[in-house]
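Structure first, commentary second.
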Amino acid sequence: MSRVARRRPPVVRRARAGLGLAMLTPTAILLTALILVPVCYSAYLALYRWQLIDINGAKTFVGLANFTHLLHDATLRDALRNTIVYVVVCVTVELVLGFAVAVALYDITKGRRLANSLILLPMIVTPVVTALLWRYLLDPQFGLVSQVLAAFGRPGIDWFGSTSLALPGLMLIDVWQWTPFVVLVLHAGMLAIPEERLEAAAVDGAGRVRRLRHIVAPAIVPQILLVLLFRTMDTYRIFDTVYVLTKGGPGDSTTTVGLYAYQTGFTYLNMGYAMVLSLFILITISVISVFYLVLLRRRGVLRR
C-alpha cells in the first residue's frame with residue numbers, strides 16, 4: 001500500500017471533523033447564549049434586593065445576603081424535604097411498576113401493539129389536564145373514588161385537604177402518568193436482547209426468575225439509568241401538578257422547591273431571593289445529572 005493511501009484516512013477524518021465542527025459551532029454558540037445569559041443575569045440579580053412591583057426602581061445591592069439567607073431558610077428545608085420524598089417515592093415506584101409491566105409486555109405475542117397504545121395514554125395527557133382529572137376523581141363529595149367508597153359504606157377521603165394524604169395523592173398522580181414512560185424505555189431495551197441468549201439460558205435449565213435476574217436486568221441497565229436520569233430531573237422540578245391541586249397546602253405539606261421559588265418571586269414579590277432559589281434548583285439538578293451521566297459513561301452508553 002502506498003504512502004498516499006496510508007495517509008488518506010487521517011486526512012479524511014480531520015476533514016470530516018472540521019466539517020462537523022463548522023456545522024455545530026453556530027448552534028452551540030446560540031444554545032450557549034440562551035443558557036448562559038439568563039443564568040448570569042439571574043446570578044447578577046441575586047445580589048440585589050428588589051420587588052417585582054418596583055421593577056423599574058432602584059435595586060438595593062445586598063451582596064451575598066440572599067445566598068446566606070438560603071442556609072437559614074426553614075421553609076426551604078421543608079420544601080426540600082418534601083421534594084426529596086416525592087422524588088424517591090415516585091421514581092422508585094415507577095421503576096418497579098414499569099419493569100413489571102415491561103416484562104409482562106415482553107411475554108405478550110398477540111395484542112402487544114394495542115397494549116402499548118393503551119398503556120401510553122396517560123403520558124400523552126398534559127400535566128395540568130391530568131391534575132384537573134384527578135381533582136374530580138378524588139373529590140371528597142362528588143368524586144368517583146368517593147362514590148365507590150360510599151357504595152361500601154365508607155366516607156369520602158379529602159386527599160388534598162389532609163396534611164398526611166396530600167403529598168401521597170400527588171405521588172399517586174405522578175406514578176399514574178409517568179410509569180408508561182418507564183415501560184416504554186425498558187420495554188424497548190428488552191426487545192433489543194437477542195433471543196438466542198434467553199433460549200440458551202432456558203435450555204441450560206434457567207428458570208424465569210433467573211433469566212430476568214442474570215440476563216434481562218443486566219442487559220437493560222443503560223435504559224434503567226436513562227429512566228432514573230430523566231425521571232429524577234422531572235420529579236425534582238415538579239410544579240404544575242402541585243400548583244393546580246394544592247398550591248403547596250395544606251400548610252406547607254406539599255410545598256416543593258420549584259413551587260417555593262415561584263411563590264417567592266410572584267406571590268411575595270421578592271425577586272432577588274427568587275433568583276437565588278432558581279440558581280439553587282439549577283445547581284442541584286446539574287449535580288444529579290452529572291452523577292447519572294458519569295454512570296452512563298462508565299456503562300459505555302455515552303462516548304467521551
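Condition first: of a type outside the set (S, T, N, Q) and free of Cβ contacts under 8 Å to residues at least 12 places away in the same chain. Can you find one or more residues in region 159-166 that meet it? Give the derivation first.
Residues of region 159-166 that are of a type outside the set (S, T, N, Q), as a first pass: 159-161, 165-166.
Right, trim to free of Cβ contacts under 8 Å to residues at least 12 places away in the same chain and you get 165.
Yes: one or more hits.
Is region 95-103 home to any residue that is small (Gly, Ala, Ser) and within 17 Å of Asp174 (Cα to Cα)?
Yes, there is a match, as at least one residue in region 95-103 is small (Gly, Ala, Ser) and within 17 Å of Asp174 (Cα to Cα).
What residue, of Val227, Val244, is in contact with a helix residue (DSSP H, G or I) (Cβ under 9 Å, 6 or more places away or on another chain), surrounded by fewer than 18 Cβ atoms within 10 Å (Cβ to Cβ) and in contact (Cβ under 8 Å) with a residue 60 or more places away in the chain? Step through it out loud before you land on a result.
On the way: Val227 fails: surrounded by fewer than 18 Cβ atoms within 10 Å (Cβ to Cβ).
From the options Val227, Val244, the qualifying one is Val244.
For the list (1) over 19 Å from the mean Cα position of the chain (by Cα); (2) modelled with pLDDT of 90 or more, I need the number of the one condition that Gly169 fails.
It fails just one condition, (1).
Would you please name the residue that is modelled with the lowest pLDDT, looking only at residues in region 53-65 that are exposed (fewer than 14 other Cβ atoms within 10 Å of the Cβ) and part of a helix (DSSP H, G or I)?
Within region 53-65, the match that is modelled with the lowest pLDDT is Asp54.
It is to be established whether one or more residues within region 98-109 are assigned by TED's automatic domain parsing to the domain that holds Ile220 and within 16 Å of Thr232 (Cα to Cα). Walk me through it before giving the result.
Going through region 98-109, the residues assigned by TED's automatic domain parsing to the domain that holds Ile220 turn out to be 98-109.
Now narrow it down to the ones that are within 16 Å of Thr232 (Cα to Cα): 98.
Yes, region 98-109 contains at least one residue that is assigned by TED's automatic domain parsing to the domain that holds Ile220 and within 16 Å of Thr232 (Cα to Cα).
With region 173-246 as the region, which helices (runs of 4 or more DSSP H) entirely inside it contain at least 2 residues that are over 19 Å from Val93 (Cβ atoms) and more than 26 Å from the chain's Cα centre (by Cα)?
So the answer is 195-203, 208-211.
Go through Val216, Val221 for me and flag whichever is assigned by TED's automatic domain parsing to the domain that holds Phe291 and surrounded by 17 or more Cβ atoms within 10 Å (Cβ to Cβ).
When all the criteria are applied, what remains is Val216.
Would you mind stating whether Gly111 is out of contact with any strand residue (DSSP E or B) (no Cβ under 8 Å at 6 or more places or on another chain) and on the phi > 0 side of the Ramachandran plot? Walk me through it before giving the result.
Values: out of contact with any strand residue (DSSP E or B) (no Cβ under 8 Å at 6 or more places or on another chain): yes; on the phi > 0 side of the Ramachandran plot: yes.
It is true that Gly111 is out of contact with any strand residue (DSSP E or B) (no Cβ under 8 Å at 6 or more places or on another chain) and on the phi > 0 side of the Ramachandran plot.
Condition first: under 13 Å from Met275 (Cβ atoms) and either loosely packed, with under 11 Cβ neighbours inside 10 Å or in contact (Cβ under 8 Å) with a residue 12 or more places away in the chain (or both). Now tell me which residues in region 15-43 satisfy that.
First, pick out the residues of region 15-43 that are under 13 Å from Met275 (Cβ atoms): 38-43.
Val39, Cys40, Ser42, Ala43 - these are the residues of region 15-43 that are under 13 Å from Met275 (Cβ atoms) and either loosely packed, with under 11 Cβ neighbours inside 10 Å or in contact (Cβ under 8 Å) with a residue 12 or more places away in the chain (or both).
Could you go through region 158-178 and let me know if any residue there is of a type in the set (D, E, K, R), farther than 17 Å from Thr254 by Cβ and out of contact with any Asp or Glu (no Cβ under 7 Å at 6 or more places or on another chain).
no
Take the residues of region 66-96 that are acidic (Asp, Glu) and part of a helix (DSSP H, G or I): which is surrounded by the fewest Cβ atoms within 10 Å (Cβ to Cβ)?
Step one: filter region 66-96 for residues acidic (Asp, Glu), giving 73, 78, 94.
Filter once more, keeping what is part of a helix (DSSP H, G or I): 78, 94.
Values: Asp78: 17, Glu94: 25.
The extreme case among them is Asp78.
Okay, residues lined up against (1) small (Gly, Ala, Ser); (2) modelled with pLDDT of 95 or more; (3) farther than 27 Å from Leu184 by Cα:
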site	(1), (2), (3)
Ile224	no, no, no
Ile238	no, no, no
Val257	no, yes, yes
Leu269	no, no, yes
Leu295	no, no, no
Arg303	no, no, no
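Whether any residue in region 129-150 is in the same structural domain as Asn82 (by TED's automatic domain parsing), under 24 Å from the mean Cα position of the chain (by Cα) and of a type outside the set (A, V, I, L, M, F, W, C) is what I want to check.
Scanning region 129-150 turns up at least one residue that is in the same structural domain as Asn82 (by TED's automatic domain parsing), under 24 Å from the mean Cα position of the chain (by Cα) and of a type outside the set (A, V, I, L, M, F, W, C).
For residues that are modelled with pLDDT of 95 or more and either among the aromatic types (Phe, Trp, Tyr) or at positive phi (or both), tally how many sit in region 66-86.
The number of residues fulfilling the criteria is 1.
The values are calculated or read from the model by the stated rules, or taken from the named source; none is laboratory data. Quantities reported herein were computed from a predicted structural model and do not represent experimental measurements. With ideal geometry, Cβ positions are generated from the backbone for all residues, glycine too; neighbour counts draw on all protein chains shown.
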